[in-house]
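Read the structure below first, then the notes.
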Amino acid sequence: MSTSTIYHIGIDLGTSQSSIVTSTGKRLSTKTCVGHPKDVISQKRLNKSHLLGEEALKNRLSLNLVWPLADGVVRDDAVAHEATQLVLKDLIQQTLPSLEKEDKVYATIGVPALASVQDKKTIISITKDFIDKILIVSEPFAVAYGMDRFDECLIVDIGAGTTDLCRMSGSIPGEDDQRSLTEAGNFLDQTITDAIHQQYPDVQLTPQIIKVIKEKHGYVSDNNDPAIVSLTKKGQPGSYDITEILHKSCLTLSDAIGQAVQSLVADFDPDFQEILRHNIIVAGGGSRLMGIEKAIEKSLDSYGGGKASCIQDVEFCGANGCLKMCQEMPENYWDKI
Amino acid sequence: MLGNNVIQISTGKLLGATLLPSSILLVGGIIIWQIWRNKQSRLQTKTDVLNDELSQIKKQMADLQTANDKAKSGESMQTENTPSAAQHTNQKNAGKKSGKSPGEMGLFEYLIEDNIQLRKSTLE
């Protein structure tokens, strides 16, 4: 008689960062990237067929890096599919080391609010070999579920590939209740890069440098300390004042989010608009941007004001919601899939 | 002769006056450095011990969590080759979840239906 254990997992598969939370209490977050050795030398030095996450980023000069997700969904090519499989398998292996062949894995995976059917089908297809049952849910809805917020509130999940907004009103959110914007973390990185190059043309920048600058100095409030960063120009280091550049770039993101918030408030039931305006929850990596909640509140000034707050457990809030849903789903419902 | 003596005595006193305080300072410095270093190594040892204990506690917690999870899952343990046992598990789980409000059940039903449709279109 062979017995099997069912493990439940919640996964937030993100363009830049992916997180997993398991029913065994383990949780892990990693960069959603895979690196394959460039040539025989790097193959010999690394002695691995591929590296994942931070390890891949550290050794990126010896690797062909693959970021399999774009705009929050898996890119539609074989390389991206394989890379996504590797990332997900690794997350599961690391957090469920005692997983045996006869055990079962039930997973809930969060995807952008308005991901297409094709995007969802891709995830089901690439996980079918190592996840027994999978539930695909809207990422901002998973955040709301994790917080038990089914009443009137607005979730703003600022990721790397997309910013997803979901209006909760005590029922299952429909398409009209959700927005998915491409103005998100990667968009901001590109805007900052372009703006710096425009002002300092020969300055050397990489995505990693921009990410560090954004995470350290990014702000949308009216006042902030000067952002003086050390950059190289044709190899020569120098200090550059990018305070204004950063502010303007970050405002392009917060303005787009503000407009989406306005539209979701504007076409909501007038009797409940005030409650909605005062219950805005900002989640995702972008919520670390200094003053983002104030910028969203400011965007609602002409609507009568609002109140926004940033979630605490930014890295895992989506995965936590997915796991909660996964665990609370009755077994007989799982059997239907 | 007298001049030589005076020079010798003066030189000795001069050397004594300059070298002695320096030597005292040097020895004092070495002693203080030794005390500081001993203190640092003691602190490091204590930190290492605490870190070891912390990692052991973490490991124990993870093991307990796994055991607890396995025990919970034991209720939903499936016997792959015996459908009756699986059916029994399902009934038990359905009973266990019956504490859920109709709203929550409706939500789960919606999510499952949504995913069934998705899966069906995958198989097409």
Unique match (being more than 21 Å from residue A:32 (Cβ to Cβ), of a type in the set (Val, Ile, Thr), open to solvent by 10 Å² or more (accessible area, probe 1.4 Å) and touching a residue at least 24 places away in the same chain (Cβ under 8 Å)) among A:182, A:232: A:232
Would you confirm, using the coordinates I've provided, whether residue A:26 is closer than 21 Å to residue A:316 by Cβ, in contact with a helix residue (DSSP H, G or I) (Cβ under 7 Å, 6 or more places away or on another chain) and open to solvent by 60 Å² or more (accessible area, probe 1.4 Å)? yes
Please work out which one of (1) within 12 Å of chain A (Cβ to nearest Cβ); (2) modelled with pLDDT under 80; (3) surrounded by 10 or more Cβ atoms within 10 Å (Cβ to Cβ) is the condition residue B:61 fails and give its number. (2)
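Going through the range A:296-316 one residue at a time, which ones are more than 13 Å from residue A:163 (Cβ to Cβ) and among the aliphatic types (A, V, I, L, M)?
Listed by number, the residues that qualify are A:300, A:308, A:311, A:314.
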Among (1) under 20 Å from residue A:137 (Cβ atoms); (2) within 14 Å of another protein chain (Cβ to nearest Cβ); (3) open to solvent by less than 10 Å² (accessible area, probe 1.4 Å), which single condition is residue A:104 missing? (3)
Candidates A:65, A:57, A:28, A:99 - the one that is assigned to a helix (DSSP H, G or I) and at pLDDT 90 or above: A:57
State which residue is nearest to the chain's Cα centre (by Cα) when the search covers only the range A:1-22 and only residues that are facing another protein chain (nearest Cβ under 7 Å) and open to solvent by 10 Å² or more (accessible area, probe 1.4 Å). A:5
Out of curiosity, is residue A:117 over 17 Å from residue A:280 (Cβ atoms), within 12 Å of another protein chain (Cβ to nearest Cβ) and without any contact (Cβ under 8 Å) to a residue 24 or more places away in the chain? yes
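Of a type in the set (Ser, Thr, Tyr), in a helix (DSSP H, G or I), crowded, with 18+ Cβ neighbours inside 10 Å and at the interface with chain B (Cβ under 10 Å from one of its Cβ atoms): is that true of residue A:122 in this structure? Working first, answer last.
Values: of a type in the set (Ser, Thr, Tyr): yes; in a helix (DSSP H, G or I): yes; crowded, with 18+ Cβ neighbours inside 10 Å: yes; at the interface with chain B (Cβ under 10 Å from one of its Cβ atoms): yes.
The answer is yes for residue A:122.
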Please determine whether any residue of the range A:126-133 is touching a residue at least 24 places away in the same chain (Cβ under 8 Å), touching a Pro at 6+ places or on another chain (Cβ under 9 Å) and within 14 Å of chain B (Cβ to nearest Cβ). no
Here are the criteria: (1) within 14 Å of another protein chain (Cβ to nearest Cβ); (2) over 29 Å from residue A:323 (Cβ atoms). Tell me which single one residue A:42 does not satisfy. (1)
Which condition number does residue A:203 fail, the rest of (1) open to solvent by 30 Å² or more (accessible area, probe 1.4 Å); (2) more than 23 Å from residue A:310 (Cα to Cα) being met? (1)
Among the candidates A:245, A:210, A:196, residue that is in a helix (DSSP H, G or I), among the β-branched types (Val, Ile, Thr), surrounded by 17 or more Cβ atoms within 10 Å (Cβ to Cβ) and in contact with an Asp or Glu (Cβ under 7 Å, 6 or more places away or on another chain): A:210
The range A:305-330: number of residues that are within 14 Å of another protein chain (Cβ to nearest Cβ) and either in contact with a strand residue (DSSP E or B) (Cβ under 8 Å, 6 or more places away or on another chain) or of a type in the set (Val, Ile, Thr) (or both): 8
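The values are calculated or read from the model by the stated rules, or taken from the named source; none is laboratory data. Since we're looking at a predicted model, the values are computed, not measured. A quick note on method: Cβ atoms are made from the backbone with ideal geometry, for glycine too, and the neighbour counts reach across all protein chains shown. Accessible surface is based on the protein model in full, side chains and every heavy atom, while ligands, DNA and RNA are left aside. Shrake-Rupley method; radii C 1.70, N 1.55, O 1.52, S 1.80 Å.
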